[in-house]
Amino acid sequence: MTASDTTDAPKLSAVEGMKVESRQLRGTILEDLANPDTGSLSETTYQLLKFHGIYEGYNRDSATTRKKQGLDKEYEFMARIRVPAGRLTAAQYLRLDELADDYSNGTLRITTRQAIQYHCILKKDLWSTIHEINKAQLSTISACGDVVRNITSSPAPIRDVVHNTLREVVDTLVPEVEPKSTAYADIWINGEQHKEFQEVEEPLYGKTYLPRKFKIGVATPEDNSVDVLTNDLAIIALFNGQTLEGFNLALGGGLGMTHNKPETYPYIAKPIVFVTKEQLIDAVKAVIKMQRDHGDRTNRKHARLKYLVAEKGVEWIKAAVEEQFGAPLPPARPVAKYTVIDHMGWHEQGDGFLYLGLPISSGRIQDTATQKIRTGLREVVKQYGVDPILTPNQDIILSNIKPADKTAIEALLRAHNLTFASDISVVSRWAMACPALPTCGLALTEAERIKEPMVASIEAEMQKFNLHNENISIRITGCPNGCARPYAGEIGLVGRQPGFYALYLGGDFEGTRLNERILDKVPEANIASTLGKAFALYSTQQQSQESFGDFCHRLGADALKTALEAA
Ligand code: SRM
Ligand code: SF4
């Protein structure tokens with residue numbers, strides 16, 4: 001019996017009760033889906049579906065008009081396909097591409113955690129969608145819900161000790177942290193509606209799984225492309241050249257917050273312990289069990305590991321991890337400065353093959369009037385058998401390319417008008433936006449749909465001060481939950497209320513320092529000109545090699561606020 005199986009906790013939140021009653025995440029999902037009459041589901045099914053990688057939502061664009069017409073909302077589902085470290089085979093990608101037409105809205109959306117999302121799935125198609133995804137040797141299990149989510153890591157398909165180790169760590173961890181409940185297979189693979197329930201042991205999770213979502217990222221200081229310190233558990237591999245020394249575990253990263261609720265806040269993971277390769281899996285499990293047993297199950301807005309780390313302190317956390325691990329562990333080692341790479345452009349893998357990183361704006365793989373991104377990628381994958389890798393920056397890497405195919409592949413992509421990294425500004429290459437409207441039920445403002453014009457207007461301001469070649473990260477979200485990691489960027493634009501954004505500045509490009517809120521409600525139309533004032537200061541007061549984020553940090557929030565508010 002695990003500590004989470006005991007019932008001496010004060011008062012469980014409603015979701016905790018649902019988990020306990022769910023027969024290990026089964027609930028009445030199949031029965032609810034079989035009812036064709038209603039788009040909406042019971043609250044319990046809505047919550048349980050998340051553990052299966054599925055969210056029910058509705059078309060936010062049409063909801064108001066339909067309400068006036070006395071019509072119900074257009075309910076639809078989002079399915080998130082878990083892709084550890086973003087690695088897909090050519091065959092998997094091609095099947096996902098087909099399914100996007102069969103069941104989704106004809107787009108594949110690369111997420112900030114290297115997964116793929118389908119939007120706009122109809123209730124009648126949901127079972128077939130998930131079933132077909134599994135037939136392609138992919139899964140939506142644990143892509144959402146109170147479990148370990150998709151594990152992120154460097155997408156670089158480089159064949160050397162460093163990258164082989166990162167791949168090995170992810171591949172070893174994935175089955176270890178997956179729920180053991182057979183509910184997912186029973187429902188989506190076997191469709192066994194009336195199968196007699198047989199409880200299986202959940203040694204890691206217990207009956208109530210985790211208090212909240214739990215994210216793991218695996219990185220090296222030399223390649224922090226995953227923003228590893230924004231994860232509940234950051235695994236930082238430390239190498240001496242090509243020799244692995246071990247791993248730092250940093251705990252408590254997380255970005256979600258609520259406007260006007262200072263008790264909620266973004267937080268950067270704190271370094272806690274150093275472990276050897278042999279200790280890693282048990283140490284990871286010790287961290288998860290520690291959060292399972294000590295995380296807050298009474299208030300979901302206070303349930304992430306970050307609140308435990310912030311409130312209990314690193315000494316308490318270290319002792320609690322060691323208790324679960326069963327032995328003392330050395331403290332985390334000092335780490336050199338982090339660097340971030342976007343892996344765009346052509347590179348050698350080190351095994352005779354090449355890889356090509358292609359920017360995909362907001363991760364949206366789609367055909368438009370001007371760009372046939374989806375068709376172009378499909379054709380290249382089909383004709384040349386290259387394996388796609390999804391990046392934590394919402395971009396795509398085509399890997400295992402024969403050098404002899406380089407010219408033809410580039411020509412084929414150009415024929416479909418895909419964008420290459422060399423075609424766009426640095427700032428545009430690094431910018432990210434979350435989906436927000438119309439699919440996200442939590443969006444207060446636009447994000448993905450305004451990203452390109454917004455970035456273009458910011459770029460125009462940068463140009464005025466000759467800063468257009470600067471590496472500046474811009475991250476836009478439609479609400480404060482932080483899905484495009486806005487607080488870990490140099491410029492964060494966070495949806496505040498329709499048409500208005502909170503402006504955050506002063507994070508570092510390397511993802512090791514959070515930015516700060518400088519202005520609360522900037523009208524969308526004024527954002528670029530407001531930032532222009534900061535660019536003006538930066539262009540005249542920048543110290544040698546100082547990045548924009550570091551400059552804003554040095555200036556400080558108060559001075560920046562005064563400068564940006566000045567007419
Ligand atoms: Fe997220 C919820 C989209 C990465 C913090 N996130 C949501 C939901 C499911 C909305 C909902 O709960 O109803 C969004 C679906 C919108 C849609 O229309 O598709 C959503 N999150 C996304 C994605 C697709 C954004 C993207 O641009 O790619 C990312 C999917 C990642 C994946 O493949 O698993 C995504 N979300 C993140 C990240 C960034 C990361 O993990 O690197 C964060 C900040 C880090 C963190 O977890 O703290 C993030 N999402 C949240 C939160 C706030 C959690 C919190 O602790 O407060 C929510 C809301 C919640 O959980 O209650 C949320
Ligand atoms: Fe939705 Fe907010 Fe996440 Fe954007 S940041 S996808 S608006 S929950």
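The values are calculated or read from the model by the stated rules, or taken from the named source; none is laboratory data. Bear in mind that the values here come from a model prediction, so they are computed numbers and not experimental data. Glycine also receives a Cβ, built like all others from the backbone with ideal geometry; neighbour counts cover every protein chain displayed. Keep in mind that these areas ignore ligands, DNA and RNA; they rest on the heavy atoms of the full protein, side chains included. Shrake-Rupley method; radii C 1.70, N 1.55, O 1.52, S 1.80 Å.
Only one of 205, 209 is in contact with a helix residue (DSSP H, G or I) (Cβ under 9 Å, 6 or more places away or on another chain), at positive phi and buried (at least 20 other Cβ atoms within 10 Å of the Cβ). Can you tell me which?
Working: 205 fails: at positive phi.
After applying the criteria, what remains is 209.
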Exercise for the section: For the stretch 251-264, enumerate the residues that are more than 10 Å from ligand 1 (Cβ to nearest atom) and in contact (Cβ under 8 Å) with a residue 40 or more places away in the chain. Expected result: 251, 252, 259, 261
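Looking at the structure I just gave you, is residue 338 surrounded by 14 or more Cβ atoms within 10 Å (Cβ to Cβ), in a loop (DSSP other than H, G, I, E, B), aromatic (Phe, Trp, Tyr) and in contact (Cβ under 8 Å) with a residue 12 or more places away in the chain?
Here the answer is yes, as residue 338 does meet what is asked.
Sort out which residues of the stretch 346-358 are within 23 Å of residue 426 (Cα to Cα) and open to solvent by less than 20 Å² (accessible area, probe 1.4 Å), and write them in order of number.
Hits for the stretch 346-358 are 355, 356, 357, 358.
Just for the stretch 322-335: of the residues that are of a type in the set (A, V, I, L, M) and open to solvent by 30 Å² or more (accessible area, probe 1.4 Å), which one is farthest from the chain's Cα centre (by Cα)? Step through it out loud before you land on a result.
In the first step, residues of the stretch 322-335 are kept if they are of a type in the set (A, V, I, L, M); the result is 327, 329, 332, 335.
Checking the rest, the ones that are also open to solvent by 30 Å² or more (accessible area, probe 1.4 Å) come to 327, 335.
Numbers: 327: 33, 335: 24 Å.
Residue satisfying both the conditions and the ranking: 327.
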Exercise for the section: Collect the residues in the stretch 170-201 that are surrounded by 19 or more Cβ atoms within 10 Å (Cβ to Cβ) and in a loop (DSSP other than H, G, I, E, B), keeping them in residue-number order. Expected result: 179, 181, 182
Problem - Boolean, residue 298 is more than 16 Å from ligand 2 (Cβ to nearest atom), among the polar types (S, T, N, Q) and either open to solvent by 40 Å² or more (accessible area, probe 1.4 Å) or in contact (Cβ under 8 Å) with a residue 60 or more places away in the chain (or both) - result: yes
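Output yes when any residue across the stretch 439-459 is among the acidic types (Asp, Glu), over 30 Å from residue 58 (Cα atoms) and touching a residue at least 24 places away in the same chain (Cβ under 8 Å), and no when none is. Step through it out loud before you land on a result.
First, pick out the residues of the stretch 439-459 that are among the acidic types (Asp, Glu): 446, 448, 452, 459.
Filter once more, so that each one left must be over 30 Å from residue 58 (Cα atoms): 459.
So of that shortlist, the ones also touching a residue at least 24 places away in the same chain (Cβ under 8 Å) come out as 459.
Yes: the stretch 439-459 contains one or more residues that are among the acidic types (Asp, Glu), over 30 Å from residue 58 (Cα atoms) and touching a residue at least 24 places away in the same chain (Cβ under 8 Å).
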Fill in the blank from the handout: Of the listed residues (517, 513), the one being in contact (Cβ under 8 Å) with a residue 60 or more places away in the chain and more than 30 Å from residue 73 (Cα to Cα) is 513
Practice task
Could you list, in sequence order, all residues of the stretch 424-452 that are assigned to a helix (DSSP H, G or I) and within 25 Å of residue 508 (Cα to Cα)?
Solution key: 426, 427, 428, 429, 430, 448, 450, 451, 452
Problem - Candidate set: the stretch 108-126, residues that are in contact with a strand residue (DSSP E or B) (Cβ under 9 Å, 6 or more places away or on another chain) and away from ligand 1 (no atom under 11 Å from the Cβ); chosen: the one farthest from residue 51 (Cα to Cα) - result: 108
Handout entry: Failed condition for residue 397, given (1) in contact (Cβ under 8 Å) with a residue 40 or more places away in the chain; (2) within 29 Å of residue 525 (Cα to Cα)
Key = (2)
Exercise for the section: Within the stretch 253-292, count every residue that is in a loop (DSSP other than H, G, I, E, B) and surrounded by fewer than 16 Cβ atoms within 10 Å (Cβ to Cβ). Expected result: 6
Exercise for the section: Any residue in the stretch 410-429 that's farther than 14 Å from residue 345 by Cα: show its pairings with residues that are part of a helix (DSSP H, G or I) at Cβ separation under 6 Å, as long as the two are six or more apart or on different chains. Expected result: 412/379; 412/380; 416/375; 416/376; 427/459; 428/455
Practice task
Using the structure shown, decide if residue 477 is of a type in the set (S, T, N, Q), crowded, with 21+ Cβ neighbours inside 10 Å, more than 22 Å from residue 115 (Cβ to Cβ) and within 11 Å of ligand 2 (Cβ to nearest atom).
Solution key: no
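Got a number for residues in the stretch 39-92 being in a loop (DSSP other than H, G, I, E, B), among the polar types (S, T, N, Q) and more than 30 Å from residue 163 (Cα to Cα)?
Narrowing the stretch 39-92 to residues in a loop (DSSP other than H, G, I, E, B): 39-42, 52-53, 59, 69-74, 83, 88-89.
Next, from what is left, pick out any that are among the polar types (S, T, N, Q): 40, 42, 59, 69, 89.
Now drop any that are not more than 30 Å from residue 163 (Cα to Cα), which leaves 40, 42, 59, 69.
Qualifying residue count, the stretch 39-92: 4.
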Problem - Selection status of residue 112, open to solvent by less than 30 Å² (accessible area, probe 1.4 Å), closer than 27 Å to residue 42 by Cβ and modelled with pLDDT of 95 or more - result: no
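If you scan the stretch 193-245, which residues turn out to be within 16 Å of ligand 1 (Cβ to nearest atom) and hydrophobic (A, V, I, L, M, F, W, C)? Steps first, answer last, please.
Residues of the stretch 193-245 that are within 16 Å of ligand 1 (Cβ to nearest atom), as a first pass: 209-219, 223-236.
Passing the criteria: 210, 214, 216, 218, 219, 226, 228, 229, 233, 234, 235, 236.
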Handout entry: Hits in the stretch 150-169 - residues which are open to solvent by less than 10 Å² (accessible area, probe 1.4 Å) and in contact with a Gly (Cβ under 6 Å, 6 or more places away or on another chain)
Key = 152, 155
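At pLDDT 95 or above, within 16 Å of ligand 1 (Cβ to nearest atom) and at positive phi: which single residue out of 482, 507, 556 fits that description?
Numbers: 507 fails: at positive phi; 556 fails: within 16 Å of ligand 1 (Cβ to nearest atom).
After applying the criteria, what remains is 482.
Is it true that some residue in the stretch 424-435 is within 12 Å of ligand 1 (Cβ to nearest atom) and farther than 24 Å from residue 534 by Cα? Working first, answer last.
In the first step, residues of the stretch 424-435 are kept if they are within 12 Å of ligand 1 (Cβ to nearest atom); the result is 431-435.
Within this subset, residues satisfying the condition of being farther than 24 Å from residue 534 by Cα are 434-435.
Yes, the conditions are met somewhere in the stretch 424-435.
Take residue 414 and decide whether it is within 16 Å of ligand 2 (Cβ to nearest atom) and open to solvent by 50 Å² or more (accessible area, probe 1.4 Å). Talk me through it step by step, then tell me what you get.
Numbers: within 16 Å of ligand 2 (Cβ to nearest atom): no; open to solvent by 50 Å² or more (accessible area, probe 1.4 Å): yes.
Taking the combined requirement at face value, the residue does not satisfy it.
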Exercise for the section: Specify which of the listed residues (210, 229) is part of a helix (DSSP H, G or I), under 30 Å from residue 517 (Cβ atoms) and in contact with a Gly (Cβ under 8 Å, 6 or more places away or on another chain). Expected result: 229
Handout entry: Pick from the stretch 485-510, criterion away from ligand 2 (no atom under 14 Å from the Cβ) and of a type in the set (Gly, Ala, Ser), ranking: farthest from the chain's Cα centre (by Cα)
Key = 499
Practice task
Being surrounded by fewer than 20 Cβ atoms within 10 Å (Cβ to Cβ), within 12 Å of ligand 1 (Cβ to nearest atom) and among the aliphatic types (A, V, I, L, M) is the filter here, so list the residues in the stretch 438-466 that pass it.
Solution key: 442
